[in-house]
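Asker: Have a look at this one.
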Amino acid sequence: MPVNTITPPGSTIGILGGGQLGRMIALAGARLGYRSIIYSPEADAIAGQVSAGLIQGSYDDEAALARFAAQADVITYEFENVPEQAVAECERHRPVRPGIKPIHFAQHRLREKAFFRQAGIGTADYQPIGSEADLAAATALPGILKTCTEGYDGKGQARVTTRDGLKAAWDRLGRRECILEALVDFQCEISAIVARGLDGTTRCFPIGLNHHRDGILRTTTVPSGLPETVLARAEQLGVQLALSLDLVGLVALEMFVTRDGRVLANEMAPRPHNSGHWTIDACATSQFEQLVRAICGLPLGAVDVLAPSRMENLIGDEADGWLRIVADPTARLHLYGKAKVRPGRKMGHVTYVGSWDPSPPNP
Ligand code: AMP
C-alpha cells in the first residue's frame, strides 16, 4: 500500500455528528494516536466530551462546515441522515469516507430497497405508498408501513393487516412518502458489519444475532449459533453490499432469516452499528477501530472473536443500574455521558463477556 494514501496517526479525523457512535469512533481513534474534531448542531454533544474539538453548526451552514473540514485530514459521519449537501460541502475540502453514495441510498427506504435488489440482495416484497391510487393497489399485506425518510428505532412505522388499516396508518403518518413492506415471518434477525479499506480489501465481522423489542435493538449475541450456511450467506450479502456501494469505511446490513432459511435484507447503515458494539470488548478489532483503519488507509484489523459475548443496550432508566453492572466481573459497561434520561433513549450498553446466561431475553 503506497504510504501517500495513508492518513497517519497524529492526523485529525473529522466526524459529522456528535452522538455515541461519534464518541466511540473518537475513542478508538485516540487509542491509535488520532485526534478527532466533531461537527454537531449541539454545543454539548457527547462526542465532544472525548474529542480534541467541536464545531457547533447546523448542517446547512457552509462556512462552519468549511471551518470544520479545514481542521480535519479525513472526514467521516456517524449517522446516515446527515444531509447530502453537508457531505458535498466537506468533500470540497477533504476526503469524506464513505462519501455521498451510501447515504443517498441509506436515507430513503424505497431507494435503499431498490438498491438492494439491483445489487442482487433479496428483500421482502414492497410497494411505494404515496397516493390514494397506491393504497388501492396495495397487496403487500399484512405488512409494515414505514416512512421513507427519518424513521429509526421503530419510529415512523405501523403494522397493518387490512387496506382500511393501511389507509388509517398512512393518515397517521401524515400521508408522507412511505414504503409498505410485506411482513416477514422470520426465525431471527442478524447483522453483518463489513469494512472495506482504501485498497479495496473487505472484511466482515462475525455475524451477530439480534433481538429487538418495540423496534429497538435490545441485544446482540455472538456467536449466533446459526448454521454455517446461513452465516456464509449473510457474510456474502454484506460484502456484496460494500462492493456495490464502492464504500471505504463500514456498512452494517440488518437481515431477516426466514423460517425456511433464506436471508433477506432489511436495512443498511454506512457507519458503525449498535449491533457491532460487542466488538469493543470481545473481538480482535472493534468496529470503531476498523472504521478508523479503513478511512485512514491502514490495513484492516483481524476480526477473530476473542470470547463469546452478549451486548445489551441500556435504554432509558435501565442505565440507573450501572452500579450493579460494574460489580459484575463478566460485564463491560459503556455509558455515553448523556445528561438527560428519556424513555427509549440509548444511554449506554453493557457487554457480557465469556460467560453469560445463554437463554435469550424475553422478546
Ligand atoms: P427497521 O426500522 O426497518 O429496522 O424495523 C425495526 C424492526 O421492526 C426490525 O428490526 C424488525 O424487528 C421489525 N420489522 C421491520 N420490517 C419488518 C418486516 N418487513 N417484517 C417483519 N418485521 C419487520
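The values are calculated or read from the model by the stated rules, or taken from the named source; none is laboratory data. Just so we're clear, the structure is a prediction, and the values are computed from it rather than from any experiment. Cβ sites come from the backbone with ideal geometry, for glycine too, and all protein chains shown count toward neighbours.
Asker: Return the pairs, sorted by first residue and then second, in which the second residue is part of a loop (DSSP other than H, G, I, E, B), the first residue lies in region 45-58 and is free of Cβ contacts under 8 Å to residues at least 40 places away in the same chain, the beta carbons are less than 6 Å apart, and the residues are 6+ apart or on different chains.
Answerer: Pairs that qualify, where the first residue is free of Cβ contacts under 8 Å to residues at least 40 places away in the same chain and the partner is part of a loop (DSSP other than H, G, I, E, B), are 45/18; 47/18; 48/18; 56/43; 58/41.
Asker: On the given criteria, is residue 127 assigned to a helix (DSSP H, G or I) and in contact (Cβ under 8 Å) with a residue 12 or more places away in the chain? Break it down stepwise before answering.
Answerer: Numbers: assigned to a helix (DSSP H, G or I): no; in contact (Cβ under 8 Å) with a residue 12 or more places away in the chain: yes.
So residue 127 does not fit the description; no.
Asker: Is one or more of the residues making up region 178-189 within 13 Å of the ligand (Cβ to nearest atom), more than 15 Å from the chain's Cα centre (by Cα), over 22 Å from residue 110 (Cβ atoms) and part of a strand (DSSP E or B)?
Answerer: Just the residues of region 178-189 that are within 13 Å of the ligand (Cβ to nearest atom), to begin with: 178-189.
Checking which are more than 15 Å from the chain's Cα centre (by Cα) leaves us with 178-188.
Next, from what is left, pick out any that are over 22 Å from residue 110 (Cβ atoms): 185, 187-188.
Checking which are part of a strand (DSSP E or B) leaves us with 187-188.
For region 178-189, residues within 13 Å of the ligand (Cβ to nearest atom), more than 15 Å from the chain's Cα centre (by Cα), over 22 Å from residue 110 (Cβ atoms) and part of a strand (DSSP E or B): present.
Asker: Related question: For region 212-257, how many residues are outside any helix (DSSP H, G or I), more than 23 Å from residue 151 (Cβ to Cβ) and within 16 Å of the ligand (Cβ to nearest atom)?
Answerer: Qualifying residue count, region 212-257: 2.
One line per residue, one yes/no per condition, for (1) among the aliphatic types (A, V, I, L, M); (2) surrounded by fewer than 21 Cβ atoms within 10 Å (Cβ to Cβ); (3) part of a loop (DSSP other than H, G, I, E, B):
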residue	(1), (2), (3)
323	yes, yes, no
337	no, yes, yes
347	yes, no, no
350	yes, no, no
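Asker: What's the number of the condition residue 157 fails, among (1) over 22 Å from residue 269 (Cβ atoms); (2) not assigned by TED's automatic domain parsing to the domain that holds residue 260?
Answerer: (1)
Asker: While we're looking at this one, here's another question. Just to confirm my filter: which strands (runs of 3 or more DSSP E) fall fully inside region 1-95 and include at least 2 residues that are buried (at least 19 other Cβ atoms within 10 Å of the Cβ) and hydroxyl-bearing (Ser, Thr, Tyr)? Quick ask: steps written out before the conclusion?
Answerer: Working: elements: 12-16, 35-40, 53-56, 74-77.
So the answer is 35-40, 74-77.
Asker: Filter region 258-315 down to the residues that are more than 16 Å from the ligand (Cβ to nearest atom) and of a type in the set (Ser, Thr, Tyr) and list them by number.
Answerer: Listed by number, the residues that qualify are 279, 285, 286, 309.
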